[in-house]
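Peer 1: Here it is, the structure in full.
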Amino acid sequence: MNNFIINLIPGETFLHKLSGTTKVRLFFVLIVYLIMSFDLRLIVPVLILGIIGLISLKPKLKSVRYIIIFVVVMNLVNILLYYLANPHLGMLYFGHETIWFQFTDHYIVTYEEVWFLLSRFLKMIASFLISLDFILAITPSEFAAGLYSCKVPYKICTIVEMAFRYIPDIARDYQNIKVSMQARGVELDPKKTGLIKRIKQNILILIPLVITSFDRIGNISNAMDLRGFGKGKKRSYYSEHGETPNDRKVKVVYILLGIFVVAYIIGRVFFNVSEVWYPF
Amino acid sequence: MNKKTTLQKFIGVWNTKTIVGVAIGAALFGVLMNFGSIRIFTNTSLTTAMIVPVIVGGLFGPVPAAVAAGVGNVIADLISGSGFWFDWSIGNAVLGLFIGALPLYGAYIEDGIFEIKHMVIYAILCIVGCAISFGLVTPVFTYLWYGGELTITLYQSVVGSISNIIVLLVIGIPVLKVLASRNSRGQNLKAE
C-alpha cells in the first residue's frame, strides 16, 4: 500500500530524466506560487499541468487511484469543517455576500462562500498533484542533490534524504506491527471501536515502532562513518548529472515563474493586489 | 558521565549518529502524522507523532528535536496531500525545542534517568511550549504568509494545542518511562 510513494530507481519519462536540481527548484517555485494566492485564474493552469505531469509519469494506476480518492475525500471533509468553523468567509475575502439559501441565522450559504471554498479546494488538489508528481519523479538522492544546489548545508540534505528514504520502511514496519497486533486479538478497525480505545491501540503500535526505528540508528550511522560521511566540508552527489537540453528549457520556465511569483508577492504587499478573484 | 556545557546540550552534537537519529525521527513523524492520527478538526488531528520529537530530544537534545519536528512536518505535508503549511512546520519546530529539552534538566533517556521531578518539568514545558508555539509563533507566520487564514488558524491552534498537550502528557510520560526503564542498565554502579 505504501511502496509506490517513493521510488529509489530513476524512471524513463521526461520528468524523471530531469536533474535533481531542476526538479527541486521547479517544485519550490510551484509551491510558493500555489501558496501565495487563491486566484482561480492562477490555480487552474497549475492544476491542469499537474494532471498532465501525473499522466506523463505513467504511475501504477492502482496505488495512485487509492491515494487520489483518499486525498479528495479528506479535502472535502476539511472544506466542510472549514465552512462549519466560519460560514462568513465570503464577507472576509470579498467584502460582500449574496445569500443563496440559509439553514439558520449563522449558517448561511452565499455564492461568495461557495466560490471561495471551490478555489480553496482546487488549490489543495493542485498542490497535492504537484507534490505527488514531485514524489513520483524524484529519488531521495536526487532530492538531496537538488537541495544542496540551493545552498542547503549537506548535513540537512542528508537528513531530508534519509527521512525520505526511510518512510517506506517505517510504513511497512507500522503495517507489520498492526497486523501482528490484530493477530493477537486487538481490534483496530475504526468502525468497530470508540475514540478512546483507538487512542490506546495507537499507543500499542507506537512503542514497538519507536523502539525498532531507533534501534536502527547504530547500524546506519556506523555504516555511514565507515564510508567516511561528514569528513569533508563539501560533497558531490552520484545521482546528479549535468544540464541536458530539457533541463535548460525547464530552467527558463522556472526562472520566469520565479520572477512572476516575486512580482506578484511585491504587488500583494505594496500595491494591494487582491489574492482572490470573483468574476460575478 | 556528562561533561557537556548547557549550550552544547542545547545544540546537540552533530555527528553521524545525531544526523541519522534526526532523519529517522523525521520519517517517523511523517508516517505517524499520516497513519497514526485521528482527525478531529480541519487539518488538525489527535496524533501520536508529537511523541517523536520528545524521544529525539531525549536522545540528542532540543535543536535536533526541533529539526526532526520541522522536517517531519514538511514531509508529512508532502505525502499527505492537504497542502503545505510552513507556518505549522515552524510552530512544530519551536514546540520541538521545548518538549525536546529533556537533557537540559537532567533527564537522560539513554541512561535510563527519568524521575518524578523530570516528569513535572516536562509537563510544564509541554504546556508552555504549546502555548508559545501554537499561540504565538504559528499565528504570526500565518499572518505574514497566508494573510486571511488567521481566524481558522486560531481555532486550529486551540484545538491543536489541547490535543497535543493531551497526547504529550497522557502518552508521552508512559512512553518515556518505558524507554527509560528499557535503558536503565548499570544505574546503581559506582565509580571507585
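The values are calculated or read from the model by the stated rules, or taken from the named source; none is laboratory data. Fair warning: this is a prediction, and the values are worked out from it, not measured in the lab. We place every Cβ from the backbone using ideal geometry, glycine too, and count neighbours over all the protein chains shown.
Peer 1: Among the residues of region B:158-167, write down those that are closer than 19 Å to B:Val137 by Cα and either under 13 Å from the mean Cα position of the chain (by Cα) or within 12 Å of chain A (Cβ to nearest Cβ) (or both).
Peer 2: Once the filter is applied, which keeps residues that are closer than 19 Å to B:Val137 by Cα and either under 13 Å from the mean Cα position of the chain (by Cα) or within 12 Å of chain A (Cβ to nearest Cβ) (or both), region B:158-167 yields B:Val158, B:Val159, B:Ser161, B:Ser163, B:Asn164, B:Ile165.
Peer 1: Does any residue in region B:147-173 that is among the aromatic types (Phe, Trp, Tyr) come within less than 9 Å, Cβ to Cβ, of a residue that is at pLDDT below 75 six or more places away or on a different chain, and which pairs are these?
Peer 2: Going by the 9 Å Cβ cut-off, the qualifying pairs are B:Tyr155/A:Ala85; B:Tyr155/A:Asn86; B:Tyr155/B:Phe41; B:Tyr155/B:Thr42; B:Tyr155/B:Thr44.
Peer 1: So, one more: Within region A:61-98, work out how many residues are among the basic types (Lys, Arg) and either in contact with a strand residue (DSSP E or B) (Cβ under 7 Å, 6 or more places away or on another chain) or at positive phi (or both).
Peer 2: Residues in region A:61-98 being among the basic types (Lys, Arg) and either in contact with a strand residue (DSSP E or B) (Cβ under 7 Å, 6 or more places away or on another chain) or at positive phi (or both): 0 in total.
Peer 1: Which residue pairs have Cβ atoms under 6 Å apart, sit 6 or more places apart or on different chains, and have a first residue in region B:6-22 that is within 14 Å of another protein chain (Cβ to nearest Cβ) and a second that is modelled with pLDDT of 75 or more and not in a helix (DSSP H, G or I)?
Peer 2: Close Cβ pairs (under 6 Å, with a partner that is modelled with pLDDT of 75 or more and not in a helix (DSSP H, G or I)) amount to B:Gly12/B:Gly61; B:Thr16/A:Phe229; B:Thr16/A:Gly230.
Peer 1: Right, here's the next one. So if I check each of A:Gly232, A:Gly228, A:Gly185, which one is within 11 Å of chain B (Cβ to nearest Cβ) and part of a loop (DSSP other than H, G, I, E, B)?
Peer 2: Just a single option satisfies the conditions, and that option is A:Gly228.
Peer 1: I would also like to ask the following. Out of everything in region A:6-51 that is small (Gly, Ala, Ser) and in a helix (DSSP H, G or I), what residue ends up being nearest to the chain's Cα centre (by Cα)?
Peer 2: A:Gly50
Peer 1: To continue, here is another question. Only one residue in B:Val140, B:Val120, B:Val178, B:Val128 is of a type in the set (Val, Ile, Thr) and either within 14 Å of chain A (Cβ to nearest Cβ) or crowded, with 16+ Cβ neighbours inside 10 Å (or both). Which one?
Peer 2: Answer to the check: B:Val178.
Peer 1: Checking the structure you have, find out if any residue of region A:266-279 is under 30 Å from A:His16 (Cβ atoms) and surrounded by 12 or more Cβ atoms within 10 Å (Cβ to Cβ).
Peer 2: No: zero hits.
Peer 1: Another one. Quickly run through region B:67-92 and pick out the residues that are away from chain A (no Cβ under 12 Å) and buried (at least 24 other Cβ atoms within 10 Å of the Cβ).
Peer 2: Across region B:67-92, the qualifying residues are B:Trp88, B:Gly91, B:Asn92.
Peer 1: Do we find that A:Thr158 is hydroxyl-bearing (Ser, Thr, Tyr), at the interface with chain B (Cβ under 8 Å from one of its Cβ atoms), more than 30 Å from A:Gln201 (Cβ to Cβ) and buried (at least 19 other Cβ atoms within 10 Å of the Cβ) in this structure?
Peer 2: The answer is yes for A:Thr158.
Peer 1: Next question. Taking the condition of being in contact with a Leu (Cβ under 7 Å, 6 or more places away or on another chain) and at pLDDT 85 or above, how many residues in region B:1-27 meet it?
Peer 2: Within region B:1-27, residues that are in contact with a Leu (Cβ under 7 Å, 6 or more places away or on another chain) and at pLDDT 85 or above number 1.
Peer 1: Being more than 7 Å from chain B (Cβ to nearest Cβ), in contact with a helix residue (DSSP H, G or I) (Cβ under 9 Å, 6 or more places away or on another chain) and either within 15 Å of A:Phe38 (Cβ to Cβ) or in a helix (DSSP H, G or I) (or both) is the filter here, so list the residues in region A:81-94 that pass it.
Peer 2: Selection gives A:Tyr83, A:Leu89, A:Gly90, A:Met91, A:Phe94.
Peer 1: Test B:Ile109 against the criterion of being surrounded by 20 or more Cβ atoms within 10 Å (Cβ to Cβ), at pLDDT 85 or above, farther than 21 Å from B:Thr138 by Cα and β-branched (Val, Ile, Thr), and give yes or no.
Peer 2: no
Conditions (1) at pLDDT 75 or above; (2) hydroxyl-bearing (Ser, Thr, Tyr), marked per residue:
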| position | (1), (2) |
| --- | --- |
| A:Glu97 | no, no |
| A:Asp105 | no, no |
| A:Ile108 | yes, no |
| A:Val114 | yes, no |
| A:Leu117 | yes, no |
| A:Phe121 | yes, no |
| A:Ser127 | yes, yes |
| A:Leu132 | yes, no |
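Peer 1: OK, next. Test A:Val109 against the stated conditions and say whether it is in contact with a Phe, Trp or Tyr (Cβ under 9 Å, 6 or more places away or on another chain) and either assigned to a loop (DSSP other than H, G, I, E, B) or farther than 24 Å from B:Ile75 by Cβ (or both).
Peer 2: Here the answer is yes, as A:Val109 does meet what is asked.
Peer 1: Out of all the residues in region A:135-149, is one or more buried (at least 21 other Cβ atoms within 10 Å of the Cβ), under 18 Å from A:Val44 (Cα atoms) and β-branched (Val, Ile, Thr)?
Peer 2: no
Peer 1: In the set A:Leu122, A:Leu206, which member is in a helix (DSSP H, G or I), within 26 Å of the chain's Cα centre (by Cα) and without any contact (Cβ under 8 Å) to a residue 24 or more places away in the chain?
Peer 2: A:Leu206
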